[in-house]
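Please read the structure below before turning to the comments.
The values are calculated or read from the model by the stated rules, or taken from the named source; none is laboratory data. All of these numbers come straight from a predicted model, not from anything done at the bench. Note: ideal-geometry Cβ built from the backbone for every residue, glycine included; neighbour counts use all protein chains shown.
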Amino acid sequence: MISRGFFGFFCMTILCIVLCTGTARAQEEKPTIPLDHFYADPQEGSALRKLLSKLHFSFETGYGRTFYRHDLSDFTLLQRMDSLPVIFSPDLNVSGGNVSTGYDYWFNTANPRSNVGFNNANDFLVRGDTVDLGFRAGGTSIPLTGMIHVEFDRYKIGGGFTFEYHRPGTFKPTVLQDRIATFDPDFGSTFYKKYFVVLGAKVYRYQEWLLAVDSRIGAYRLSRKFDGSLIQKGIFVNIGATIERELSEYFSAFVRPSFDFKNYTLNLPESNLQVNHSMNAFYVGIGVTYRIPEHPKCFIKNCTTQINHQHGNSRIYRSRMHPFYKKQNPHHGENYPRLIKYKKKNRRKMEPY
């Protein structure tokens, strides 16, 4: 027979096992708060707005310095007293002290001259294959650039247009400056146009500062002051680095130093001669970039939420507390990081609050 003491001990053991098992199951299956009763899934926003939010619009201006240079190694140059220099083919027969065909202007158009005499003892004749014969000049520019690009992770691709006000300088000889005269372009100022594709990538970030490298590749168009029937152009390539300061998730300011590579060939009429012109340039641009926000601004005028948020069973809205050029951050004090007691006259008060 089983004693009462043993039976009681057996029952207590079974009871403890049941209680422990129930507690373990209760711990494993903790009750959860039905959040779906408090937070509804947001409605999908406009597909068009979501698409437009991927576009970045940029406007840029600044200052440019052009370095004109052309090579005359395939020519012979004649410098007469009180006259513009004249270039002609080194194979041209010079008889009787006259040049039958020459050119005294060859920048944006060609000005042919015939029967140019050089009988004066002070006239100077030099072949381009004996010295580094050529001319160079400077130029100043003020470009206005508009761009649109899309960003994928750290890469960006897009396109743009530049309208550039330009003033060329005086052309000076690269050698024999004391013997060869200078000449000025036949216009004071002009406008250039550029159409290009943008390719770039972000390479470094420090807090709100961003460094990116990019290139602009495309075509450029000279004004009507350049004789299009004589000029052959290629493409231009611009390589630069963009230092960007993010003011908000939608707005940023940047500085962009860059260098332009471009050239054109001027075909001299009534001959097979050509003058190759290089017009590389250095630019320093400043500008801003704006991106269309993906979410509309909160419709509640007195709403003070500082992050993207939701009202009821509705779409997500962005904060009304931040204009598009100001950073949106949920942390306390980010909107007004300087305490009242440190502002203006409160700095001298013992108890500013």
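Would you check which residues across the range 282-325 are surrounded by fewer than 16 Cβ atoms within 10 Å (Cβ to Cβ), modelled with pLDDT of 80 or more and assigned to a loop (DSSP other than H, G, I, E, B) and list them?
292, 296, 299, 300, 301, 302, 303
Which members of the range 230-250 meet the condition of being surrounded by fewer than 17 Cβ atoms within 10 Å (Cβ to Cβ), over 10 Å from the mean Cα position of the chain (by Cα) and either under 16 Å from residue 145 (Cα atoms) or among the hydrophobic types (A, V, I, L, M, F, W, C) (or both)?
Within the range 230-250, 231, 235, 237 qualify.
Checking the conditions here, which among 258, 248, 229, 215 is over 30 Å from residue 322 (Cβ atoms), assigned by TED's automatic domain parsing to the domain that holds residue 137 and not in a strand (DSSP E or B)? Steps first, answer last, please.
On the way: 258 fails: not in a strand (DSSP E or B); 248 fails: over 30 Å from residue 322 (Cβ atoms); 215 fails: not in a strand (DSSP E or B).
None of the other options fit; the residue is 229.
Filtering the range 62-99 down to residues that are of a type in the set (Phe, Trp, Tyr) and at pLDDT below 90, which residue is nearest to residue 133 (Cα to Cα)? Outline the logic, then answer.
Of the range 62-99, the ones of a type in the set (Phe, Trp, Tyr) are 63, 67-68, 75, 88.
Restricting the remaining residues to those that are at pLDDT below 90 gives 75, 88.
Values: 75: 9, 88: 13 Å.
Within the range 62-99, the match that is nearest to residue 133 (Cα to Cα) is 75.
Do you know which residues across the range 102-126 are part of a loop (DSSP other than H, G, I, E, B) and either touching a strand residue (DSSP E or B) at 6+ places or on another chain (Cβ under 6 Å) or modelled with pLDDT of 85 or more (or both)?
Kept after step one, since they are part of a loop (DSSP other than H, G, I, E, B), are these residues of the range 102-126: 104-111, 114-115, 118-123.
Matches in the range 102-126: 104, 105, 106, 107, 108, 109, 110, 111, 115, 118.
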